[in-house]
1. Exactly one condition in (1) surrounded by fewer than 16 Cβ atoms within 10 Å (Cβ to Cβ); (2) under 20 Å from Asp140 (Cα atoms) is not met by Pro50; state its number.
2. Name the helices (runs of 4 or more DSSP H) wholly inside region 55-152 in which the number of residues that are closer than 17 Å to Pro15 by Cβ is 3 or more.
3. Checking the condition modelled with pLDDT under 95 and not β-branched (Val, Ile, Thr), which residue from Gln90, Gln79, Gln72 passes?
4. Which condition does Leu83 not pass, out of (1) more than 14 Å from Val6 (Cα to Cα); (2) aliphatic (A, V, I, L, M); (3) surrounded by fewer than 21 Cβ atoms within 10 Å (Cβ to Cβ), if it passes all the others?
5. Take region 1-42 and flag every residue that is polar (S, T, N, Q) and either surrounded by 24 or more Cβ atoms within 10 Å (Cβ to Cβ) or part of a strand (DSSP E or B) (or both).
6. Here are some conditions: (1) over 18 Å from Arg2 (Cα atoms); (2) surrounded by 14 or more Cβ atoms within 10 Å (Cβ to Cβ). Asp117 meets all but one. Which one does it not meet?
Amino acid sequence: MRLLFVCLGNICRSPMAEAVMRAKIAAIGLDQKITVDSAGTGNWHVGEPPHQGTQRELKKASIPYNQIRARQITTDDFQTFDLIIAMDRQNEQDLHRLAANMNNKANIRRFMTYLNDQPEPDVPDPYYTGRFDEVFDRIDRGTDRILETLIK
């Protein structure tokens, strides 16, 4: 199983989700069966490490992130990944638009569909809100549910 998290610039939400999911997969010994990556729909931050706020939250949880660098989604990603998870509705719409003109193998879902007990449809972008702690909490809970779904 190959899993890709996608947000706008790939420095806040999606690399946080990538790092959290990788740690959870490694903790249960499935890192050889489930591959995780992240990307952005935009190219503003390509090559950059995660945002300082994302780094801070991952450090607090003792989750490694040093290997993560921002990248932009490519057409190959729609063939390579089995599941592409958008962090908000706009990312989801952008992904469907990009996938429309190709033979898309991937299942595209929005992250918050895994947290259907929450009223918000999106993972808010902490680049604008500054609430990296709230985003981490949401990603932590959501990745638990995603992992449960993958294991079934």
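1. Checking Pro50 against (1) surrounded by fewer than 16 Cβ atoms within 10 Å (Cβ to Cβ); (2) under 20 Å from Asp140 (Cα atoms), the one that fails is (1).
2. Of the helices (runs of 4 or more DSSP H) lying wholly inside region 55-152, those with at least 3 residues that are closer than 17 Å to Pro15 by Cβ span 126-129, 132-151.
3. Only one candidate qualifies: Gln79.
4. (1)
5. Answer for region 1-42, where residues must be polar (S, T, N, Q) and either surrounded by 24 or more Cβ atoms within 10 Å (Cβ to Cβ) or part of a strand (DSSP E or B) (or both): Asn10, Ser14, Thr35, Ser38.
6. Asp117 satisfies all of (1) over 18 Å from Arg2 (Cα atoms); (2) surrounded by 14 or more Cβ atoms within 10 Å (Cβ to Cβ) except (2).
The values are calculated or read from the model by the stated rules, or taken from the named source; none is laboratory data. All values reported here derive from a predicted model rather than from experimental measurement. Cβ atoms come from the backbone with ideal geometry, glycine included; neighbour counts cover every protein chain shown.
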